[in-house]
Amino acid sequence: AAMQMAMDLNAISKDYYKGTVEPIPSTLTGRELKGWGFPYEIWPQELKDEYAYNPTKAKKLLADAGYPNGFKTNIVANTSADMQLLNLVKTYFAAIGIDMEIRPMESTDWTDFVITKRKHDQLAYAAVNPYGHSYEPIRQLNRLHTGYSSNYLMISDPTFDGYLTKAVASKSEEELKQILKDANEHIARQHFAVSLLKPMQYSLHQPWFKGYHGQFGSVCSPAGSPQLLFFYPARFWIEHEMKKKMGH
């Protein structure tokens with residue numbers, strides 16, 4: 001919680017992202033998935049306070065934990081990620097006494113070190129955010145599941161793992177929504193990662209292309225290819241009359 005309180009999300013939104021990003025934290029589920037997850041608006045105030053910028057309280061939490069003078073750490077950082085933002089994070093940490101060394105690694109080296117060999121034992125930073133996903137719920141819950149290949153935070157939490165088991169066995173959409181909400185709240189309270197802001201992403205498509213609502217990996221992805229296209233073709237269709245009227 002101390003590391004989170006060191007982050008001035010309002011300043012990052014205003015000064016770094018020039019006001020294009022909402023100055024609020026998130027957990028596993030992205031805000032674009034309306035009706036799912038645990039949106040910030042319904043967080044209890046005491047939880048919101050744990051994510052509010054408060055360097056004085058952050059220093060006190062560090063002192064209470066046995067680090068009155070802060071501590072030193074390091075972070076292995078994939079250089080394909082936003083290194084300028086990471087340097088800003090380093091500055092915020094320094095203000096509460098945390099001296100974080102940044103160890104930059106090219107993507108292939110980072111993947112080998114963090115994902116394949118699991119050698120890092122402190123902090124990790126990648127281009128793919130551990131939070132704010134628009135995947136379908138089961139895949140979201142896999143992201144931080146014990147032993148999952150993309151769980152680069154190396155989280156192993158029996159309570160969180162249990163949500164995946166419950167989700168797979170769920171029998172209704174409402175039941176699945178509640179499970180995902182509970183999982184998101186657990187993540188928020190456990191502070192598995194420092195929650196920064198999610199940059200705005202834009203997806204442009206023709207209005208006659210129906211069934212598409214920006215689903216991750218369906219027609220494009222951060223990697224540039226439609227990684228999950230196999231899952232979606234039966235859910236997309238072309239409104240031929242509209243297309244014809246538009247001269248296509």
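The values are calculated or read from the model by the stated rules, or taken from the named source; none is laboratory data. Note that the structure is predicted; figures quoted are calculated from it, not measured. Here the Cβ positions follow ideal geometry from the backbone for every residue, glycine too, while neighbour counts run over all protein chains shown. The accessibility values were calculated without ligands, DNA or RNA, using every heavy atom of the protein model including side chains. Shrake-Rupley method; radii C 1.70, N 1.55, O 1.52, S 1.80 Å.
When you check Phe71 against the structure, is it within 17 Å of the chain's Cα centre (by Cα), modelled with pLDDT of 95 or more and hydrophobic (A, V, I, L, M, F, W, C), yes or no? In short, no.
Being of a type in the set (A, V, I, L, M), crowded, with 18+ Cβ neighbours inside 10 Å and under 18 Å from Ala193 (Cβ atoms) is the filter here; which residues of the range 97-114 pass it? Answer for the range 97-114, where residues must be of a type in the set (A, V, I, L, M), crowded, with 18+ Cβ neighbours inside 10 Å and under 18 Å from Ala193 (Cβ atoms): Ile98, Met100, Val114. Residue pairs whose Cβ atoms lie under 8 Å apart, sitting 6 or more positions apart in sequence or on different chains, and linking a residue in the range 79-96 that is more than 19 Å from Val128 (Cα to Cα) and open to solvent by 40 Å² or more (accessible area, probe 1.4 Å) to a partner that is modelled with pLDDT of 95 or more and part of a helix (DSSP H, G or I), are Ala95/Pro55.
Just the residues that are more than 17 Å from the chain's Cα centre (by Cα) and either farther than 21 Å from Gln4 by Cβ or open to solvent by 60 Å² or more (accessible area, probe 1.4 Å) (or both), please, taken from the range 116-135.
Passing the criteria: Thr116, Lys117, Arg118, Lys119, Asp121, Gln122.
Among what's in the range 53-67 and is part of a loop (DSSP other than H, G, I, E, B) and touching a helix residue (DSSP H, G or I) at 6+ places or on another chain (Cβ under 7 Å), pick the residue that is most open to solvent (accessible area, probe 1.4 Å). Top of the filtered list is Tyr53.
Residues checked against (1) among the hydrophobic types (A, V, I, L, M, F, W, C); (2) over 15 Å from the mean Cα position of the chain (by Cα):
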position: Met3; (1), (2): yes, yes
position: Thr20; (1), (2): no, yes
position: Thr27; (1), (2): no, no
position: Gly35; (1), (2): no, yes
position: Tyr53; (1), (2): no, yes
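Taken over the range 1-50, residues that are among the aliphatic types (A, V, I, L, M), farther than 12 Å from Val194 by Cβ and in contact (Cβ under 8 Å) with a residue 24 or more places away in the chain amount to 6. With respect to (1) touching a strand residue (DSSP E or B) at 6+ places or on another chain (Cβ under 7 Å); (2) modelled with pLDDT under 95, the lone exception for Met100 is condition (2).
The residues of the range 136-146 that are open to solvent by 40 Å² or more (accessible area, probe 1.4 Å) and either in a loop (DSSP other than H, G, I, E, B) or of a type in the set (Lys, Arg) (or both), listed by number, are Glu136, Arg139, His145, Thr146. Residues in the range 147-179 that are closer than 23 Å to Leu123 by Cβ, at pLDDT 95 or above and either open to solvent by less than 60 Å² (accessible area, probe 1.4 Å) or of a type in the set (A, V, I, L, M) (or both): Asp157, Phe160, Asp161.
Among the residues of the range 68-100, which ones are part of a loop (DSSP other than H, G, I, E, B) and in contact with a Gly (Cβ under 7 Å, 6 or more places away or on another chain)?
Asn69, Gly70, Ile96, Gly97
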